[in-house]
Amino acid sequence: SRETGKSEVMFFSKELERKIKQKIEVEGELKKAIENNPEEFYLEYQPIVDLKTLKIEKLEALIRWNSSKFGKVYPDFFIPIAEETGMIKDITDIVIDKAVSQLQEWKSKGIETKISVNISPSEFKDKNFVDRIKTKIPEEFRNYFALEITENVLFEHTQSSIDKLKQLTDLGIEILLDDFGTGYSSLTYLKKFPITTLKIDRAFVKDIPDDKENRGIVMTIIKLARLLVVRSLAEGIETKEQLIFLRKSGCQYGQGYYFSKPKNASEIEKVLKKGF
Ligand code: C2E
Ligand code: CA
Ligand code: CA
Ligand code: CA
């Protein structure tokens, strides 16, 4: 009836209003944190494991925000807003600085590890991206640094992206292709990009080996990686069954709650020293 129609409209507009209000609030808080309290941001680290030896190959850095307003919040809550508003550049700077000081601290303690950092696709539009990276990451740590980018980077800005990625790898920085299989990937371009690793998205690792479709997709990506002479890395491994299947299929690396949840620096330091 007309009346129900009207109340639905009211419901949607209320819901929309709430969402817009929250977005504006998050945006404001984010701006304040970046400008006045960057220490509210910190990194958690999740081990990336060699599936044959079960040794830790590197750590993925994942940002968290200890907001005075919202408490501990995860990237899905604020990264999209940071991307929309251009604040992502500041976030990336904060993340890279933190990763570098962490490598420095661990080095001084005799702990050697690599760190992989997530980079938003929009960062690749920045002409100065490579220069920023060069200034931020001292030479001695570049071989211990990896960047995770998604397929969209490849698709959207092709030639200039290839150039940037080449410059980064020339510096010794490794490039991982994140969330592989979820975006638009052109196989033609894929082989032109100087990536070292395909990260198989968690959505496909879920429910293997039971799910026949996912099983096929995962096996195909592993084969594709071999064909392109890059490594395969499965994310979101939560069970022994998944691990066994991935190993059998020739997947080289993995990460997920089965090995370890993302942990703060001091907790992960213990893992680096003693193993799981
Ligand atoms: P991602 O790069 O695909 O990271 C994997 C996400 O899966 C992380 O969520 C991680 O905590 C979670 N995860 C890892 N293992 C498992 C598992 O076994 N099971 C399940 N259910 N989840 C698992 P998180 O930390 O909330 O990060 C979400 C996304 O936010 C990331 O997805 C990445 O796209 C983005 N992100 C994280 N840190 C940064 C950053 O510093 N900069 C940028 N630009 N984006 C970031
Ligand atoms: Ca990632
Ligand atoms: Ca991923
Ligand atoms: Ca993801």
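Structure above, values below:
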quantity: Cβ pairs under 9 Å, 6+ apart, first in the range 199-211 and β-branched (Val, Ile, Thr), second part of a loop (DSSP other than H, G, I, E, B) and within 9 Å of ligand 3 (Cβ to nearest atom); calculated: Ile200/Glu235; Ile200/Gly236; Val205/Glu235; Val205/Gly236
quantity: Pick from the range 111-143, criterion open to solvent by 70 Å² or more (accessible area, probe 1.4 Å) and part of a loop (DSSP other than H, G, I, E, B), ranking: farthest from Asn264 (Cα to Cα); calculated: Lys127
quantity: Qualifying residue in the range 227-247 (condition: at pLDDT 95 or above, within 27 Å of Ile96 (Cβ to Cβ), within 14 Å of the chain's Cα centre (by Cα) and away from ligand 1 (no atom under 12 Å from the Cβ)); calculated: no
quantity: Residue pairs meeting the criteria (Cβ under 9 Å; at least 6 apart or on separate chains; first closer than 14 Å to Glu29 by Cβ, in the range 74-100; second of a type in the set (Lys, Arg) and more than 16 Å from ligand 4 (Cβ to nearest atom)); calculated: Ile81/Lys23; Ala82/Lys89; Thr85/Lys31; Met87/Lys31
quantity: Test for Ile222: is it in contact with a Cys (Cβ under 8 Å, 6 or more places away or on another chain), modelled with pLDDT of 95 or more and more than 16 Å from Leu54 (Cβ to Cβ); calculated: yes
quantity: Scan of the range 194-213 for residues that are touching a Phe, Trp or Tyr at 6+ places or on another chain (Cβ under 8 Å) and within 12 Å of ligand 4 (Cβ to nearest atom), ordered by number; calculated: Lys199, Ile200, Asp201
quantity: Residue check, Glu123 under 15 Å from Leu147 (Cβ atoms) and out of contact with any strand residue (DSSP E or B) (no Cβ under 6 Å at 6 or more places or on another chain); calculated: yes
quantity: Within the range 140-193, considering residues that are of a type in the set (Asp, Glu), at negative phi and within 19 Å of the chain's Cα centre (by Cα), the one modelled with the lowest pLDDT; calculated: Glu156
quantity: Residue check for Gly250: modelled with pLDDT of 95 or more and at positive phi; calculated: yes
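Residue-wise test of (1) over 20 Å from Ile149 (Cα atoms); (2) modelled with pLDDT of 95 or more; (3) in a strand (DSSP E or B); (4) in contact with a Cys (Cβ under 8 Å, 6 or more places away or on another chain).
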position	(1), (2), (3), (4)
Lys52	yes, yes, no, no
Lys58	no, yes, yes, no
Ile63	no, yes, yes, no
Ile79	no, yes, no, no
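The values are calculated or read from the model by the stated rules, or taken from the named source; none is laboratory data. Note that the coordinates shown come from a computational prediction; the quantities given were computed from them, not determined experimentally. Cβ: placed from backbone, ideal geometry, glycine included. Neighbour counts: every protein chain shown. These area figures cover heavy atoms from the full protein model, side chains too; ligands, DNA and RNA do not enter into them. Shrake-Rupley method; radii C 1.70, N 1.55, O 1.52, S 1.80 Å.
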